[in-house]
Amino acid sequence: MPVMIKIALSTLVALAAIGGWFYMGHLGQTGPQWAIVFLGPFSVGSLWIFPEVMRSKADARRKP
């Protein structure tokens with residue numbers, strides 16, 4: 001995946017996590033608020049750490 005797309009996705013996920021954190025705080029939901037604090041950075045980090053799955057011609061299934 002190109003770096004510019006990773007940067008854009010990381011930014012969108014971070015903004016969604018920040019918005020979700022404020023929204024859950026506004027509702028008074030502290031449990032889900034702390035889950036968002038963990039899952040937001042985890043999602044961004046996993047996007048950069050784990051490689052993209054690439055298929056080779058040997059992996060393609062034959063059509064009957």
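A few comments on the model shown:
- Of all the residues in segment 37-53, those that are assigned to a helix (DSSP H, G or I), open to solvent by 40 Å² or more (accessible area, probe 1.4 Å) and not polar (S, T, N, Q) number 8.
- Residue check for THR11: hydroxyl-bearing (Ser, Thr, Tyr) and at pLDDT 95 or above: yes
Here's the yes/no breakdown for (1) among the small types (Gly, Ala, Ser); (2) open to solvent by 70 Å² or more (accessible area, probe 1.4 Å); (3) at pLDDT below 90; (4) not in a helix (DSSP H, G or I):
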{"position": "GLY19", "(1), (2), (3), (4)": "yes, no, no, no"}
{"position": "PRO32", "(1), (2), (3), (4)": "no, no, yes, no"}
{"position": "ALA35", "(1), (2), (3), (4)": "yes, no, no, no"}
{"position": "ALA58", "(1), (2), (3), (4)": "yes, yes, yes, no"}
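- Within segment 6-33, residues that are under 16 Å from GLY45 (Cβ atoms) have Cβ atoms under 8 Å from residues that are polar (S, T, N, Q) in these pairs: VAL13/SER43; ALA17/SER43, counting only partners at least 6 apart in sequence or on another chain.
The values are calculated or read from the model by the stated rules, or taken from the named source; none is laboratory data. None of these values were measured; they are calculated from a predicted model. Reconstructed Cβ throughout: ideal geometry from the backbone, glycine too, with neighbour counts over all protein chains shown. For accessibility, only protein heavy atoms count, side chains too; no ligands or nucleic acids. Shrake-Rupley method; radii C 1.70, N 1.55, O 1.52, S 1.80 Å.
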